[in-house]
Amino acid sequence: MKVLTVIGTRPEALKLGPVIQCLARTPGVQSLVCTTGQHRELLTDALALFGVRPDFDLAVMRPRQTPGTVLAAILQRLEPLLAQVRPDWLVVVGDTTSALGAGIAAHHCQVRLAHVEAGLRSGSRRDPFPEEANRRLLSVLAELNFAPTAQARENLRQENIPSRVIRVTGNPVIDTLRQCGSRPAPAAVGKVLRQLGLGAAPAPGDPRLVVVTCHRRENHGAPLRQVCAAVRDLASRNRGSVRILFVVHPNPAVRGTVRRELAGVRDVTLAEPLAYPTLIGLLRRAYVVLTDSGGLQEEAPWLRVPVLVLRDNTERPEGVAAGVARLVGTRRQAIVAATQRLLDRPAVHRAMAKGFRGYGDGHAAPRIVRALARHLG
């Protein structure tokens, strides 16, 4: 069985890394990896966690490109590669333009497509944009849809995707999280904590660590400015009793806004993107996470850290239903009120910090590889 895995962004690498590792360990499997050239430096570091070096690079990244130009470049460059390699399966994950482009190329070349993290739905075609439409289209193209949860499977069934092409596996990002948890915390964690004036473990009276990320396309502009204003308010209201770490996405539309709004604000530290083990080490120390990231909505609850979701809806409703995540949107007052409630009311914090493992058990990758082999047979 020959499997070509296509990866565009760092989150895709973190989810597919365990699958690639499992493919490499499976007798009778030839595993090949193709990157699209997006997030190149971040992607290289992420793949190194799994000992993976790409076999092919489509090098599609260009300044000021749009989803349309990325899609066109992937189709133009991947279709000849598929004709050359002739894999039995092409594997993608999630909802990026890279994943959609690879899926369409597989369809054009009559290569079986496997979609990992299938069935996530926000219920709004334009939110998140363009991801919601991307993942709906991939579900139709895929010969196997690997749903992370029972709810994701039900979403697919409601769209008339046959049960025979759906497998509930859990999300392999939890496999990655478990791998990181079994290793010693990197030295970079301690370095960042010292910069924040925090110890390795919380002690009575210590400032509480609030981790913030915000990068999604629909939050660019006014919503991101509202988030930054909320961060300023929280720092001012809780002067000396919190440390806010804002991990800044490299997208210029995000970086420029965050630096203009928050540079120099007391008790707020702006950080470059962190290596995944460093981020996980800091999350273990965090009191609460404010984020619009999909991955953090899964990872933080596993680590027993409450999540306030900076969006109006989510394709991961399981955490909200379990009470470990809460949708707060991007309005300044709502963010401040929800965060302050966690800071002021220990009982509310304890209820949200109970932990949740509904997104996977850390064994998704072997389930995915077994299903690929059985379906092919």
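Being assigned by TED's automatic domain parsing to the domain that holds N238 and either over 16 Å from V247 (Cα atoms) or in a strand (DSSP E or B) (or both) is not true of A300. The single condition from (1) farther than 30 Å from E154 by Cβ; (2) in contact with a Lys or Arg (Cβ under 8 Å, 6 or more places away or on another chain); (3) in contact (Cβ under 8 Å) with a residue 60 or more places away in the chain; (4) not charged (D, E, K, R) that L282 fails is (2). Could you tell me whether G362 is part of a loop (DSSP other than H, G, I, E, B) and in contact (Cβ under 8 Å) with a residue 60 or more places away in the chain? It is true that G362 is part of a loop (DSSP other than H, G, I, E, B) and in contact (Cβ under 8 Å) with a residue 60 or more places away in the chain.
Within the option set S241, S182, S236, being surrounded by fewer than 16 Cβ atoms within 10 Å (Cβ to Cβ) and closer than 19 Å to A365 by Cα holds for one residue only, S182. Scanning region 119-131 for residues that are at pLDDT 95 or above and closer than 20 Å to D292 by Cβ turns up L120, R121. The single condition among (1) in contact (Cβ under 8 Å) with a residue 60 or more places away in the chain; (2) surrounded by 22 or more Cβ atoms within 10 Å (Cβ to Cβ); (3) in a helix (DSSP H, G or I) that G170 does not meet is (3). Scanning region 47-66 for residues that are surrounded by 17 or more Cβ atoms within 10 Å (Cβ to Cβ) and either in a loop (DSSP other than H, G, I, E, B) or modelled with pLDDT under 95 (or both) yields L47, L49, F50, V52, P54, L58, V60.
Within this structure, V258 fails the test of being touching a Lys or Arg at 6+ places or on another chain (Cβ under 9 Å), among the β-branched types (V, I, T) and either surrounded by fewer than 22 Cβ atoms within 10 Å (Cβ to Cβ) or in the same structural domain as R208 (by TED's automatic domain parsing) (or both). Answer yes or no as to whether H115 is surrounded by fewer than 17 Cβ atoms within 10 Å (Cβ to Cβ), of a type outside the set (A, V, I, L, M) and in contact with a helix residue (DSSP H, G or I) (Cβ under 8 Å, 6 or more places away or on another chain). Considered against the rule, which asks whether it is surrounded by fewer than 17 Cβ atoms within 10 Å (Cβ to Cβ), of a type outside the set (A, V, I, L, M) and in contact with a helix residue (DSSP H, G or I) (Cβ under 8 Å, 6 or more places away or on another chain), H115 comes out as no.
Within region 238-249, the residues that satisfy the criterion of being in a loop (DSSP other than H, G, I, E, B) and either touching a Pro at 6+ places or on another chain (Cβ under 6 Å) or in contact (Cβ under 8 Å) with a residue 40 or more places away in the chain (or both) are N238, S241. Screening region 153-167 for residues that are among the β-branched types (V, I, T) and not in a helix (DSSP H, G or I) and picking the one that is surrounded by the fewest Cβ atoms within 10 Å (Cβ to Cβ) gives I161.
Taking into account only those residues within region 304-330 that are in contact with a Lys or Arg (Cβ under 9 Å, 6 or more places away or on another chain) and assigned to a strand (DSSP E or B), which is nearest to E218 (Cα to Cα)? Ranking the qualifying residues of region 304-330, first place goes to V309. Inside region 331-377, can you point out the residues that are basic (K, R), surrounded by fewer than 13 Cβ atoms within 10 Å (Cβ to Cβ) and farther than 22 Å from E299 by Cα? Once the filter is applied, which keeps residues that are basic (K, R), surrounded by fewer than 13 Cβ atoms within 10 Å (Cβ to Cβ) and farther than 22 Å from E299 by Cα, region 331-377 yields R345, R374.
Taken together, A133, A188, A83, A150 contain a single residue that is in the same structural domain as A275 (by TED's automatic domain parsing) and surrounded by fewer than 16 Cβ atoms within 10 Å (Cβ to Cβ), which is A188.
The values are calculated or read from the model by the stated rules, or taken from the named source; none is laboratory data. Predicted model, so just to flag it, every value in this text is computed and none were measured. All Cβ positions, glycine included, derive from the backbone under ideal geometry; neighbour counts span all protein chains shown.
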